Amino acid sequence: MRAHRITDDVILFFLVIFSVFAVFPVAIALLNSLKTNGEILNGIMNLPARPMWRNYGDAFIKTGFFGALLNTVFIASVGLAGIVLFSAMAGYKLSRTRSRLSDILFGLFIFSMLLPFHSYMISLFKVVNDMNLKNNLAGLGFVYVGLGVAMAILLYHGFVKSIPYELDEAAWVEGCGDFRLFFSIIFPLLKPITATVVTLNLLWIWNDFLLPMLVLGDSDKYTILLSINMLFGQYNNNDWAAILSSLILAMLPVIMLFVVLQKSIIKGISDGALKG
Amino acid sequence: MTDWNVLDPAPAFVGLANYQEALTDDPAFIKSIAFTLKYVVCMVVLQNALALILALMVESRKKSNAAFRTILFLPNMISMIVAGFIWMFVFTRVLPEWGRGSPFLSLLDRSWIGDASSSFWAIITVSLWGGVGYLMVIYIAALQGVSQQLKDAARIDGAGSLMTFRAVTLPLIMPSLTIGVFLTLNGSFKVFDVVFALTGGGPGRATQPIALNVYEEAFRMSNRYGYASVKAFILFIIVLAITLVQISVMKKREIQA
(Lines give C-alpha, C1' and ligand atoms only; values in the text may rest on other atoms or scores of the structure.)
Protein backbone atom coordinates (compact mmCIF):
# COMPACT_ATOMS: atom_id res chain seq x y z
CA MET A 1 0.00 0.00 0.00
CA ARG A 2 2.85 2.30 0.89
CA ALA A 3 4.64 1.61 -2.40
CA HIS A 4 1.41 2.42 -4.13
CA ARG A 5 1.27 5.85 -2.58
CA ILE A 6 4.83 6.59 -3.61
CA THR A 7 4.11 5.68 -7.24
CA ASP A 8 1.07 7.93 -7.06
CA ASP A 9 3.20 10.81 -5.83
CA VAL A 10 5.78 10.26 -8.54
CA ILE A 11 3.04 10.28 -11.18
CA LEU A 12 1.58 13.45 -9.72
CA PHE A 13 5.01 15.06 -9.75
CA PHE A 14 5.55 14.31 -13.43
CA LEU A 15 2.04 15.41 -14.35
CA VAL A 16 2.62 18.74 -12.65
CA ILE A 17 5.93 19.15 -14.48
CA PHE A 18 4.30 18.46 -17.84
CA SER A 19 1.39 20.76 -17.03
CA VAL A 20 3.80 23.57 -16.22
CA PHE A 21 5.53 22.88 -19.52
CA ALA A 22 2.17 23.04 -21.30
CA VAL A 23 1.11 26.32 -19.76
CA PHE A 24 4.47 28.04 -19.40
CA PRO A 25 4.93 29.57 -22.88
CA VAL A 26 1.44 31.05 -22.86
CA ALA A 27 1.81 32.32 -19.31
CA ILE A 28 5.13 33.98 -20.01
CA ALA A 29 3.73 35.54 -23.17
CA LEU A 30 0.77 36.85 -21.20
CA LEU A 31 3.02 38.29 -18.51
CA ASN A 32 5.30 40.04 -20.95
CA SER A 33 2.48 41.26 -23.15
CA LEU A 34 1.58 43.61 -20.31
CA LYS A 35 5.02 45.23 -20.15
CA THR A 36 6.82 47.90 -22.10
CA ASN A 37 9.66 46.79 -24.36
CA GLY A 38 12.11 48.25 -21.86
CA GLU A 39 10.66 46.17 -19.07
CA ILE A 40 10.89 43.04 -21.20
CA LEU A 41 14.59 43.72 -21.74
CA ASN A 42 15.15 44.32 -18.03
CA GLY A 43 13.86 40.97 -16.88
CA ILE A 44 11.56 38.43 -18.44
CA MET A 45 10.23 37.14 -15.15
CA ASN A 46 9.66 40.50 -13.46
CA LEU A 47 6.19 41.84 -12.99
CA PRO A 48 5.36 45.00 -14.92
CA ALA A 49 5.41 48.23 -12.88
CA ARG A 50 1.95 48.89 -14.14
CA PRO A 51 0.11 46.54 -16.55
CA MET A 52 0.18 48.04 -20.01
CA TRP A 53 -3.36 47.36 -21.14
CA ARG A 54 -2.63 49.83 -23.89
CA ASN A 55 -0.62 47.11 -25.68
CA TYR A 56 -3.88 45.30 -26.28
CA GLY A 57 -5.63 48.35 -27.62
CA ASP A 58 -2.70 48.89 -29.99
CA ALA A 59 -2.68 45.25 -31.02
CA PHE A 60 -6.40 45.36 -31.67
CA ILE A 61 -5.92 48.23 -34.10
CA LYS A 62 -2.64 47.15 -35.69
CA THR A 63 -3.83 43.65 -36.53
CA GLY A 64 -7.23 44.90 -37.66
CA PHE A 65 -8.42 42.30 -35.21
CA PHE A 66 -12.13 42.86 -35.50
CA GLY A 67 -12.12 42.62 -39.28
CA ALA A 68 -9.84 39.59 -39.21
CA LEU A 69 -12.09 37.92 -36.66
CA LEU A 70 -15.15 38.55 -38.83
CA ASN A 71 -13.34 37.23 -41.91
CA THR A 72 -12.32 34.07 -40.08
CA VAL A 73 -15.81 33.52 -38.71
CA PHE A 74 -17.31 34.05 -42.15
CA ILE A 75 -14.95 31.61 -43.89
CA ALA A 76 -15.53 29.01 -41.19
CA SER A 77 -19.32 29.41 -41.38
CA VAL A 78 -19.45 28.97 -45.14
CA GLY A 79 -17.10 26.00 -44.89
CA LEU A 80 -18.96 24.31 -42.04
CA ALA A 81 -22.41 24.83 -43.54
CA GLY A 82 -21.31 23.31 -46.83
CA ILE A 83 -19.42 20.44 -45.25
CA VAL A 84 -22.33 19.46 -42.99
CA LEU A 85 -25.00 19.80 -45.68
CA PHE A 86 -23.22 17.94 -48.46
CA SER A 87 -21.52 15.24 -46.47
CA ALA A 88 -24.59 14.44 -44.37
CA MET A 89 -26.59 13.89 -47.53
CA ALA A 90 -23.79 12.04 -49.32
CA GLY A 91 -22.87 9.94 -46.30
CA TYR A 92 -26.50 8.96 -45.80
CA LYS A 93 -27.11 8.05 -49.43
CA LEU A 94 -23.79 6.23 -49.87
CA SER A 95 -24.37 4.28 -46.69
CA ARG A 96 -27.92 3.27 -47.68
CA THR A 97 -27.11 2.38 -51.27
CA ARG A 98 -25.66 -1.06 -51.73
CA SER A 99 -24.07 -1.04 -55.14
CA ARG A 100 -20.68 -1.24 -56.78
CA LEU A 101 -20.89 2.43 -57.81
CA SER A 102 -21.63 3.50 -54.28
CA ASP A 103 -18.62 1.58 -52.98
CA ILE A 104 -16.37 3.08 -55.63
CA LEU A 105 -17.50 6.62 -54.86
CA PHE A 106 -17.00 6.09 -51.14
CA GLY A 107 -13.57 4.60 -51.83
CA LEU A 108 -12.63 7.66 -53.87
CA PHE A 109 -13.54 9.97 -51.00
CA ILE A 110 -11.49 7.90 -48.57
CA PHE A 111 -8.55 7.82 -50.96
CA SER A 112 -8.59 11.60 -51.28
CA MET A 113 -7.90 11.81 -47.55
CA LEU A 114 -4.50 10.22 -48.11
CA LEU A 115 -3.35 13.04 -50.37
CA PRO A 116 -1.14 15.50 -48.52
CA PHE A 117 -2.32 19.08 -49.02
CA HIS A 118 1.03 20.23 -50.35
CA SER A 119 0.97 17.75 -53.18
CA TYR A 120 -2.04 19.38 -54.80
CA MET A 121 -1.81 22.93 -53.48
CA ILE A 122 -0.28 24.28 -56.69
CA SER A 123 -3.04 22.85 -58.87
CA LEU A 124 -5.60 24.00 -56.33
CA PHE A 125 -4.11 27.48 -56.40
CA LYS A 126 -4.38 27.49 -60.20
CA VAL A 127 -8.02 26.35 -60.09
CA VAL A 128 -8.88 29.00 -57.51
CA ASN A 129 -7.22 31.59 -59.70
CA ASP A 130 -9.01 30.48 -62.84
CA MET A 131 -12.37 30.50 -61.09
CA ASN A 132 -11.76 34.04 -59.85
CA LEU A 133 -12.07 32.92 -56.27
CA LYS A 134 -8.82 34.53 -55.32
CA ASN A 135 -9.24 37.17 -52.60
CA ASN A 136 -12.78 35.93 -52.13
CA LEU A 137 -13.80 34.92 -48.62
CA ALA A 138 -16.81 32.88 -49.71
CA GLY A 139 -14.62 31.26 -52.35
CA LEU A 140 -12.16 30.18 -49.68
CA GLY A 141 -15.09 28.78 -47.72
CA PHE A 142 -16.07 26.70 -50.79
CA VAL A 143 -12.54 25.37 -51.06
CA TYR A 144 -12.79 24.22 -47.44
CA VAL A 145 -16.04 22.46 -48.30
CA GLY A 146 -14.26 20.59 -51.06
CA LEU A 147 -11.33 19.64 -48.84
CA GLY A 148 -13.44 18.82 -45.79
CA VAL A 149 -16.20 16.62 -47.15
CA ALA A 150 -14.14 13.44 -47.42
CA MET A 151 -13.60 12.91 -43.73
CA ALA A 152 -17.09 14.14 -42.88
CA ILE A 153 -18.60 11.64 -45.32
CA LEU A 154 -16.59 8.88 -43.67
CA LEU A 155 -17.98 9.85 -40.26
CA TYR A 156 -21.58 10.21 -41.47
CA HIS A 157 -21.32 7.00 -43.47
CA GLY A 158 -20.41 5.06 -40.35
CA PHE A 159 -23.02 6.74 -38.18
CA VAL A 160 -25.93 6.21 -40.57
CA LYS A 161 -25.43 2.45 -40.21
CA SER A 162 -26.66 2.75 -36.61
CA ILE A 163 -29.97 4.27 -37.75
CA PRO A 164 -32.46 1.49 -38.49
CA TYR A 165 -33.49 1.13 -42.12
CA GLU A 166 -37.10 0.48 -40.97
CA LEU A 167 -37.32 4.20 -40.27
CA ASP A 168 -36.77 5.00 -43.95
CA GLU A 169 -39.28 2.36 -44.97
CA ALA A 170 -41.92 3.58 -42.55
CA ALA A 171 -41.51 7.10 -43.90
CA TRP A 172 -41.90 5.92 -47.49
CA VAL A 173 -45.02 3.95 -46.59
CA GLU A 174 -46.45 7.11 -45.12
CA GLY A 175 -45.81 8.82 -48.43
CA CYS A 176 -42.82 10.89 -47.34
CA GLY A 177 -40.46 12.01 -50.10
CA ASP A 178 -36.71 11.46 -50.03
CA PHE A 179 -35.80 15.03 -49.19
CA ARG A 180 -38.35 15.31 -46.43
CA LEU A 181 -37.28 11.96 -45.06
CA PHE A 182 -33.71 13.18 -44.94
CA PHE A 183 -34.27 16.65 -43.52
CA SER A 184 -37.11 15.94 -41.07
CA ILE A 185 -36.20 12.46 -39.88
CA ILE A 186 -32.63 11.44 -40.63
CA PHE A 187 -30.78 14.73 -40.22
CA PRO A 188 -32.02 15.38 -36.65
CA LEU A 189 -30.92 11.87 -35.72
CA LEU A 190 -27.43 12.61 -37.02
CA LYS A 191 -26.94 15.36 -34.45
CA PRO A 192 -24.22 13.64 -32.37
CA ILE A 193 -22.01 13.01 -35.38
CA THR A 194 -22.80 16.46 -36.78
CA ALA A 195 -21.41 17.89 -33.56
CA THR A 196 -18.21 15.87 -34.09
CA VAL A 197 -17.94 16.98 -37.72
CA VAL A 198 -18.47 20.63 -36.82
CA THR A 199 -15.94 20.53 -34.00
CA LEU A 200 -13.18 18.86 -35.97
CA ASN A 201 -13.63 21.04 -39.03
CA LEU A 202 -13.95 24.25 -37.06
CA LEU A 203 -10.62 23.60 -35.35
CA TRP A 204 -9.03 22.77 -38.68
CA ILE A 205 -10.36 25.77 -40.60
CA TRP A 206 -9.73 28.17 -37.73
CA ASN A 207 -6.10 27.17 -37.36
CA ASP A 208 -5.33 26.68 -41.04
CA PHE A 209 -2.69 29.03 -42.33
CA LEU A 210 -1.22 28.04 -45.67
CA LEU A 211 -4.42 27.91 -47.72
CA PRO A 212 -5.63 31.39 -46.68
CA MET A 213 -2.12 32.68 -47.29
CA LEU A 214 -2.28 31.40 -50.88
CA VAL A 215 -5.83 32.52 -51.58
CA LEU A 216 -6.17 35.83 -49.75
CA GLY A 217 -3.93 38.63 -50.97
CA ASP A 218 -5.54 41.84 -49.70
CA SER A 219 -4.90 42.66 -46.09
CA ASP A 220 -8.54 43.61 -45.49
CA LYS A 221 -9.45 40.00 -46.31
CA TYR A 222 -6.90 38.55 -43.89
CA THR A 223 -7.76 35.92 -41.31
CA ILE A 224 -6.49 36.30 -37.76
CA LEU A 225 -3.41 34.16 -38.43
CA LEU A 226 -2.54 36.04 -41.59
CA SER A 227 -2.65 39.41 -39.87
CA ILE A 228 -0.52 38.04 -37.02
CA ASN A 229 2.00 36.82 -39.56
CA MET A 230 2.03 40.17 -41.31
CA LEU A 231 2.56 41.99 -38.03
CA PHE A 232 5.43 39.69 -37.15
CA GLY A 233 7.11 40.47 -40.45
CA GLN A 234 6.69 44.21 -39.94
CA TYR A 235 8.25 44.40 -36.52
CA ASN A 236 11.26 42.34 -37.40
CA ASN A 237 10.95 40.43 -34.11
CA ASN A 238 11.91 43.39 -31.97
CA ASP A 239 8.73 44.97 -30.74
CA TRP A 240 7.85 42.04 -28.51
CA ALA A 241 5.33 44.03 -26.46
CA ALA A 242 3.22 44.57 -29.58
CA ILE A 243 3.77 41.05 -30.91
CA LEU A 244 2.99 39.21 -27.69
CA SER A 245 -0.19 41.13 -27.04
CA SER A 246 -1.44 40.39 -30.55
CA LEU A 247 -0.55 36.72 -30.11
CA ILE A 248 -2.55 36.54 -26.90
CA LEU A 249 -5.38 38.34 -28.64
CA ALA A 250 -5.25 35.81 -31.48
CA MET A 251 -5.41 32.95 -28.99
CA LEU A 252 -8.43 34.30 -27.13
CA PRO A 253 -11.16 33.03 -29.47
CA VAL A 254 -9.92 29.42 -29.48
CA ILE A 255 -9.32 29.43 -25.74
CA MET A 256 -12.86 30.72 -25.19
CA LEU A 257 -14.18 28.16 -27.63
CA PHE A 258 -12.34 25.46 -25.74
CA VAL A 259 -13.70 26.55 -22.38
CA VAL A 260 -17.26 26.46 -23.71
CA LEU A 261 -17.03 23.37 -25.89
CA GLN A 262 -14.40 21.38 -24.03
CA LYS A 263 -16.47 18.21 -23.70
CA SER A 264 -17.57 18.07 -27.30
CA ILE A 265 -14.08 18.92 -28.58
CA ILE A 266 -12.46 16.12 -26.64
CA LYS A 267 -15.24 13.72 -27.55
CA GLY A 268 -15.05 14.83 -31.17
CA ILE A 269 -11.34 14.11 -31.37
CA SER A 270 -11.54 10.67 -29.82
CA ASP A 271 -14.66 9.70 -31.79
CA GLY A 272 -13.23 11.06 -35.00
CA ALA A 273 -10.09 8.99 -34.55
CA LEU A 274 -11.42 5.78 -33.08
CA LYS A 275 -14.56 5.43 -35.15
CA GLY A 276 -13.09 6.75 -38.39
CA MET B 1 5.82 16.98 -66.39
CA THR B 2 5.98 20.39 -68.03
CA ASP B 3 8.09 23.49 -67.72
CA TRP B 4 4.95 25.32 -66.59
CA ASN B 5 5.68 28.53 -64.72
CA VAL B 6 3.82 31.63 -63.81
CA LEU B 7 4.92 33.65 -66.83
CA ASP B 8 4.53 31.07 -69.54
CA PRO B 9 0.94 30.54 -70.61
CA ALA B 10 1.70 27.51 -72.79
CA PRO B 11 3.74 24.96 -70.88
CA ALA B 12 5.83 22.58 -72.96
CA PHE B 13 6.03 18.91 -72.21
CA VAL B 14 9.40 18.02 -70.76
CA GLY B 15 8.88 14.39 -69.86
CA LEU B 16 10.72 13.17 -66.82
CA ALA B 17 13.34 15.89 -66.83
CA ASN B 18 11.80 17.53 -63.78
CA TYR B 19 11.95 14.29 -61.84
CA GLN B 20 15.54 13.84 -62.81
CA GLU B 21 16.39 17.36 -61.71
CA ALA B 22 14.58 17.03 -58.40
CA LEU B 23 16.29 13.78 -57.48
CA THR B 24 19.80 14.39 -58.76
CA ASP B 25 20.39 18.09 -59.21
CA ASP B 26 18.61 19.84 -56.37
CA PRO B 27 20.62 19.61 -53.15
CA ALA B 28 18.12 21.80 -51.27
CA PHE B 29 15.32 19.38 -52.10
CA ILE B 30 17.34 16.30 -51.16
CA LYS B 31 18.23 18.03 -47.92
CA SER B 32 14.59 18.82 -47.25
CA ILE B 33 13.71 15.13 -47.73
CA ALA B 34 16.40 14.18 -45.24
CA PHE B 35 15.18 16.79 -42.78
CA THR B 36 11.58 15.65 -43.15
CA LEU B 37 12.45 11.99 -42.62
CA LYS B 38 14.47 12.82 -39.52
CA TYR B 39 11.61 14.94 -38.22
CA VAL B 40 9.01 12.27 -38.96
CA VAL B 41 10.98 9.53 -37.18
CA CYS B 42 11.49 11.70 -34.09
CA MET B 43 7.87 12.80 -34.01
CA VAL B 44 6.35 9.35 -34.52
CA VAL B 45 8.43 7.85 -31.74
CA LEU B 46 8.44 10.73 -29.25
CA GLN B 47 4.92 11.97 -29.74
CA ASN B 48 3.28 8.57 -29.45
CA ALA B 49 5.43 7.44 -26.54
CA LEU B 50 4.88 10.67 -24.66
CA ALA B 51 1.15 10.75 -25.40
CA LEU B 52 0.73 7.18 -24.21
CA ILE B 53 2.71 7.80 -21.02
CA LEU B 54 0.71 10.95 -20.31
CA ALA B 55 -2.55 9.13 -21.00
CA LEU B 56 -1.59 6.36 -18.57
CA MET B 57 -0.56 8.87 -15.91
CA VAL B 58 -3.69 10.98 -16.33
CA GLU B 59 -5.91 7.90 -16.24
CA SER B 60 -4.29 6.73 -13.00
CA ARG B 61 -5.43 9.90 -11.22
CA LYS B 62 -8.81 9.34 -9.70
CA LYS B 63 -10.00 12.86 -8.97
CA SER B 64 -7.70 15.16 -10.87
CA ASN B 65 -7.73 13.36 -14.24
CA ALA B 66 -10.13 15.80 -15.92
CA ALA B 67 -8.10 18.81 -14.80
CA PHE B 68 -4.80 17.37 -16.04
CA ARG B 69 -6.38 16.28 -19.30
CA THR B 70 -7.65 19.81 -19.90
CA ILE B 71 -4.33 21.48 -19.15
CA LEU B 72 -2.26 19.03 -21.17
CA PHE B 73 -4.63 19.24 -24.12
CA LEU B 74 -4.86 23.03 -24.13
CA PRO B 75 -1.77 23.74 -26.31
CA ASN B 76 -3.38 21.70 -29.07
CA MET B 77 -6.06 24.33 -29.49
CA ILE B 78 -3.52 26.99 -30.37
CA SER B 79 -2.54 27.37 -33.99
CA MET B 80 1.02 26.25 -34.68
CA ILE B 81 1.66 29.65 -36.26
CA VAL B 82 0.83 31.44 -33.01
CA ALA B 83 2.64 28.75 -31.05
CA GLY B 84 5.70 29.13 -33.25
CA PHE B 85 5.85 32.87 -32.59
CA ILE B 86 5.36 32.45 -28.86
CA TRP B 87 8.09 29.84 -28.68
CA MET B 88 10.30 32.10 -30.72
CA PHE B 89 10.03 34.51 -27.79
CA VAL B 90 10.88 31.69 -25.37
CA PHE B 91 13.86 30.55 -27.42
CA THR B 92 15.30 33.94 -28.28
CA ARG B 93 14.59 35.82 -25.06
CA VAL B 94 13.53 33.72 -22.09
CA LEU B 95 15.97 30.80 -22.23
CA PRO B 96 19.06 32.93 -23.00
CA GLU B 97 18.16 35.22 -20.12
CA TRP B 98 17.88 32.29 -17.74
CA GLY B 99 21.17 31.00 -19.06
CA ARG B 100 22.90 34.29 -18.31
CA GLY B 101 21.34 34.51 -14.88
CA SER B 102 22.67 31.29 -13.45
CA PRO B 103 25.90 29.38 -14.07
CA PHE B 104 24.01 26.08 -13.80
CA LEU B 105 21.79 26.99 -16.71
CA SER B 106 24.44 28.51 -18.94
CA LEU B 107 23.65 25.72 -21.37
CA LEU B 108 20.45 27.57 -22.14
CA ASP B 109 22.22 30.72 -23.25
CA ARG B 110 22.68 30.00 -26.89
CA SER B 111 21.15 30.82 -30.21
CA TRP B 112 18.42 28.17 -30.38
CA ILE B 113 17.04 29.28 -33.68
CA GLY B 114 20.35 30.26 -35.26
CA ASP B 115 22.06 26.90 -35.15
CA ALA B 116 21.06 23.99 -37.38
CA SER B 117 21.01 21.19 -34.84
CA SER B 118 19.50 23.09 -31.94
CA SER B 119 16.84 24.59 -34.18
CA PHE B 120 15.88 21.07 -35.21
CA TRP B 121 15.26 20.21 -31.58
CA ALA B 122 13.51 23.52 -31.06
CA ILE B 123 11.09 22.55 -33.83
CA ILE B 124 10.59 19.10 -32.29
CA THR B 125 9.92 20.66 -28.88
CA VAL B 126 7.28 23.01 -30.21
CA SER B 127 5.67 20.28 -32.32
CA LEU B 128 5.48 17.98 -29.32
CA TRP B 129 4.14 20.77 -27.14
CA GLY B 130 1.34 21.38 -29.60
CA GLY B 131 0.69 17.85 -30.78
CA VAL B 132 0.91 15.55 -27.80
CA GLY B 133 -2.43 16.59 -26.31
CA TYR B 134 -4.38 15.41 -29.35
CA LEU B 135 -2.96 11.90 -29.25
CA MET B 136 -3.22 11.82 -25.48
CA VAL B 137 -6.97 12.39 -25.73
CA ILE B 138 -7.26 9.53 -28.22
CA TYR B 139 -5.21 7.21 -26.01
CA ILE B 140 -7.20 8.14 -22.92
CA ALA B 141 -10.39 7.21 -24.76
CA ALA B 142 -8.80 3.91 -25.78
CA LEU B 143 -7.62 3.19 -22.24
CA GLN B 144 -11.10 3.84 -20.89
CA GLY B 145 -12.36 1.17 -23.29
CA VAL B 146 -10.19 -1.52 -21.67
CA SER B 147 -12.40 -3.48 -19.32
CA GLN B 148 -11.51 -3.37 -15.66
CA GLN B 149 -12.44 -7.06 -15.33
CA LEU B 150 -9.63 -8.14 -17.62
CA LYS B 151 -7.13 -6.08 -15.67
CA ASP B 152 -8.46 -7.44 -12.36
CA ALA B 153 -8.25 -10.98 -13.70
CA ALA B 154 -4.61 -10.42 -14.64
CA ARG B 155 -3.87 -9.01 -11.20
CA ILE B 156 -5.44 -12.01 -9.49
CA ASP B 157 -3.27 -14.24 -11.65
CA GLY B 158 -0.32 -12.45 -10.07
CA ALA B 159 0.64 -9.96 -12.76
CA GLY B 160 2.20 -6.65 -11.61
CA SER B 161 1.19 -3.33 -13.14
CA LEU B 162 3.90 -3.46 -15.77
CA MET B 163 2.98 -7.02 -16.71
CA THR B 164 -0.73 -6.15 -16.83
CA PHE B 165 0.04 -3.26 -19.11
CA ARG B 166 2.15 -5.33 -21.46
CA ALA B 167 -0.04 -8.40 -21.58
CA VAL B 168 -3.54 -6.95 -21.31
CA THR B 169 -3.78 -3.21 -21.89
CA LEU B 170 -1.28 -2.76 -24.71
CA PRO B 171 -2.72 -5.45 -26.99
CA LEU B 172 -6.21 -4.11 -26.42
CA ILE B 173 -5.33 -0.54 -27.37
CA MET B 174 -3.30 -1.63 -30.41
CA PRO B 175 -5.98 -0.35 -32.85
CA SER B 176 -5.72 3.14 -31.41
CA LEU B 177 -1.92 2.96 -31.62
CA THR B 178 -2.30 2.18 -35.32
CA ILE B 179 -4.39 5.31 -35.69
CA GLY B 180 -2.06 7.39 -33.53
CA VAL B 181 1.01 6.41 -35.54
CA PHE B 182 -0.92 6.96 -38.76
CA LEU B 183 -1.96 10.45 -37.67
CA THR B 184 1.56 11.45 -36.64
CA LEU B 185 3.09 10.00 -39.79
CA ASN B 186 0.60 11.77 -41.99
CA GLY B 187 0.76 15.00 -40.05
CA SER B 188 4.50 15.25 -39.64
CA PHE B 189 5.27 14.58 -43.29
CA LYS B 190 3.24 17.68 -43.99
CA VAL B 191 4.94 19.81 -41.34
CA PHE B 192 4.82 23.44 -42.42
CA ASP B 193 3.24 25.92 -40.00
CA VAL B 194 5.55 25.45 -37.06
CA VAL B 195 8.71 25.64 -39.16
CA PHE B 196 7.37 28.61 -41.10
CA ALA B 197 6.73 30.53 -37.89
CA LEU B 198 9.72 29.40 -35.86
CA THR B 199 12.72 29.25 -38.18
CA GLY B 200 11.36 29.97 -41.64
CA GLY B 201 13.44 26.98 -42.77
CA GLY B 202 16.65 28.53 -41.54
CA PRO B 203 19.40 28.98 -40.71
CA GLY B 204 19.97 28.93 -44.48
CA ARG B 205 17.86 26.00 -45.52
CA ALA B 206 18.91 23.71 -42.70
CA THR B 207 15.44 23.14 -41.29
CA GLN B 208 13.42 23.21 -44.47
CA PRO B 209 10.84 20.45 -44.72
CA ILE B 210 9.57 19.23 -48.10
CA ALA B 211 6.31 21.17 -47.84
CA LEU B 212 8.17 24.44 -47.32
CA ASN B 213 10.58 23.63 -50.14
CA VAL B 214 7.63 23.06 -52.47
CA TYR B 215 5.96 26.26 -51.30
CA GLU B 216 9.06 28.34 -51.85
CA GLU B 217 9.74 26.81 -55.24
CA ALA B 218 6.21 27.56 -56.41
CA PHE B 219 5.32 30.85 -54.77
CA ARG B 220 8.45 32.57 -53.52
CA MET B 221 11.56 31.91 -55.56
CA SER B 222 11.27 30.63 -59.09
CA ASN B 223 7.53 30.28 -59.68
CA ARG B 224 8.26 27.07 -61.53
CA TYR B 225 4.88 25.48 -60.93
CA GLY B 226 5.60 22.40 -63.02
CA TYR B 227 8.83 21.67 -61.23
CA ALA B 228 7.32 22.37 -57.80
CA SER B 229 4.43 20.03 -58.63
CA VAL B 230 6.92 17.28 -59.33
CA LYS B 231 8.45 17.73 -55.90
CA ALA B 232 4.97 17.74 -54.39
CA PHE B 233 4.19 14.51 -56.23
CA ILE B 234 7.35 12.92 -54.85
CA LEU B 235 6.18 13.94 -51.36
CA PHE B 236 2.84 12.28 -52.06
CA ILE B 237 4.47 9.02 -53.22
CA ILE B 238 6.66 8.89 -50.11
CA VAL B 239 3.72 9.53 -47.78
CA LEU B 240 1.50 7.03 -49.56
CA ALA B 241 4.12 4.27 -49.58
CA ILE B 242 5.03 4.72 -45.93
CA THR B 243 1.47 4.97 -44.62
CA LEU B 244 0.38 1.89 -46.58
CA VAL B 245 3.29 -0.10 -45.16
CA GLN B 246 2.57 1.23 -41.67
CA ILE B 247 -1.11 0.34 -41.77
CA SER B 248 -0.60 -3.14 -43.14
CA VAL B 249 2.18 -3.93 -40.66
CA MET B 250 0.32 -2.60 -37.65
CA LYS B 251 -3.05 -4.08 -38.64
CA LYS B 252 -1.44 -7.50 -38.54
CA ARG B 253 -0.44 -6.96 -34.95
CA GLU B 254 -3.90 -6.06 -33.80
CA ILE B 255 -5.95 -8.71 -32.08
CA GLN B 256 -9.62 -9.20 -31.50
CA ALA B 257 -10.66 -8.71 -27.90
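The values are calculated or read from the model by the stated rules, or taken from the named source; none is laboratory data. All values derive from a computational prediction rather than experimental measurement. So basically every Cβ, Gly included, is an ideal-geometry build from the backbone, and we count neighbours across all protein chains shown. When the accessible area is computed, the model is the full protein with side chains, heavy atoms only, and any ligands, DNA or RNA have been set aside. Shrake-Rupley method; radii C 1.70, N 1.55, O 1.52, S 1.80 Å.
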Checklist entry - Is there a residue being in contact (Cβ under 8 Å) with a residue 24 or more places away in the chain and either over 23 Å from B:Leu212 (Cα atoms) or at the interface with chain A (Cβ under 9 Å from one of its Cβ atoms) (or both) anywhere in the range B:88-108? => result yes
Checklist entry - Which residues, taken from the range A:237-255, are without any contact (Cβ under 8 Å) to a residue 40 or more places away in the chain, within 10 Å of chain B (Cβ to nearest Cβ) and part of a helix (DSSP H, G or I)? => result A:Ile243, A:Ile255
Next on the checklist: For the range A:120-154, give me the residue count where each residue is away from chain B (no Cβ under 14 Å), under 23 Å from A:Val197 (Cα atoms) and open to solvent by less than 60 Å² (accessible area, probe 1.4 Å).
Outcome noted: 13
Next on the checklist: Any residue at all in the range A:17-28 that's surrounded by 13 or more Cβ atoms within 10 Å (Cβ to Cβ), part of a loop (DSSP other than H, G, I, E, B) and among the hydroxyl-bearing types (Ser, Thr, Tyr)?
Outcome noted: no
Checklist entry - What number goes with the only condition from (1) without any contact (Cβ under 8 Å) to a residue 40 or more places away in the chain; (2) under 27 Å from A:Ala273 (Cα atoms); (3) open to solvent by less than 20 Å² (accessible area, probe 1.4 Å); (4) more than 9 Å from chain A (Cβ to nearest Cβ) that B:Thr178 does not pass? => result (1)
Checklist entry - Has the range B:140-157 got any residue that is more than 24 Å from B:Ala66 (Cβ to Cβ), modelled with pLDDT of 90 or more and in contact with a helix residue (DSSP H, G or I) (Cβ under 9 Å, 6 or more places away or on another chain)? => result no
Checklist entry - Within the range A:198-214, is even one residue assigned to a loop (DSSP other than H, G, I, E, B) and more than 11 Å from chain B (Cβ to nearest Cβ)? => result no
Checklist outcome for this item: For B:Ala218, the lone unmet condition from (1) at pLDDT 85 or above; (2) open to solvent by less than 20 Å² (accessible area, probe 1.4 Å) is (1)
Checklist entry - Say we look at the range B:221-254 and pick out the residues that are more than 7 Å from chain A (Cβ to nearest Cβ), under 18 Å from B:Asn18 (Cβ atoms) and more than 21 Å from the chain's Cα centre (by Cα); which of these is most open to solvent (accessible area, probe 1.4 Å)? => result B:Met221
